[in-house]
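This report refers to the structure that appears directly beneath it.
The numbers here are math on the coordinates, done by the rules we state, and not lab data. The shown structure was predicted, so the numbers you read here are calculated from the model rather than taken from an experiment. Cβ atoms come from the backbone with ideal geometry, glycine included; neighbour counts cover every protein chain shown.
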Amino acid sequence: MMRVTHTQNNYLCYLDTGAKTTREVAAHLDITVAVAGKMLHKLVNKGLVKSTNNRGAYGYLYRLAAPYEDLINSGLIVKDYHRNKGTAPKGNRITQEELEYVARLRKEGLTGRELNDRYHEEYPDRSTAGIANIVLKARRAKLCR
């Protein structure tokens, strides 16, 4: 019984169509060649993928150790890391009122901890990092300097 992540399963499904180089896998999955190489190396170590160990101009050539159907039948389990993806509640959205409030505080000359303390009086549910993001958005929107 072998456990793989969703990302690793994407690699396996793509390699099921035939042998691919590291560069082809990277281009298909829209990632860097280095990241693709590291993941393919992990799959080789697990015994799910075989490598030619023959470095060419476009990287190593990788293929599945067995057909994908056989891997599934022999007990390949894909971990469900994203079980609640899309259903989880989003964080507090930044409203226009908050942007305007931060802009007003910045125009008063407040920065750093002073701005943080004043902001928490009005909106106590925001973290310090959240306030920094709001200030950044307000500056990008040219509401303040």
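The antiparallel fraction among DSSP beta bridges confined to the chain stands at about 65%. Between the helical axis of 128-140 and the longest alpha-carbon principal axis of the chain there is an angle of about 80 degrees. Our Cα-only numbers for segment 2-78 put the radius of gyration and Dmax at 11.5, 35 Å. When its C-alpha radius of gyration is set against 2.2 N^0.38 Å (N residues), segment 96-140 gives a value of 0.97. Remark: the E69-A132 segment gains 17.7 nm on full extension, using 0.36 nm per residue and subtracting the alpha carbon distance. Residues T22, T5, T52 in ascending order of nearby Cβ atoms (within 10 Å, fewest first): T52, T5, T22.
Compared with the direct C-alpha span, the chain from V33 to T52 gains 5.1 nm at full extension, assuming 0.36 nm per residue. Among V25, V44, a tally of other beta-carbon atoms within 10 Å of each Cβ gives an order, fewest to most, of V44, V25.
The fewest-to-most ranking of L40, L76, L136 by surrounding Cβ atoms within 10 Å reads L136, L76, L40. Take the Cα pairs of the chain, get the Kirkwood Rh, then feed it into Stokes-Einstein at 4 °C and 1.567 mPa s and tell me D in µm²/s. Calculated translational D: 67 µm²/s.
Helix 6-15 and the longest principal axis of the C-alpha atoms of the chain enclose an angle of approximately 40°.
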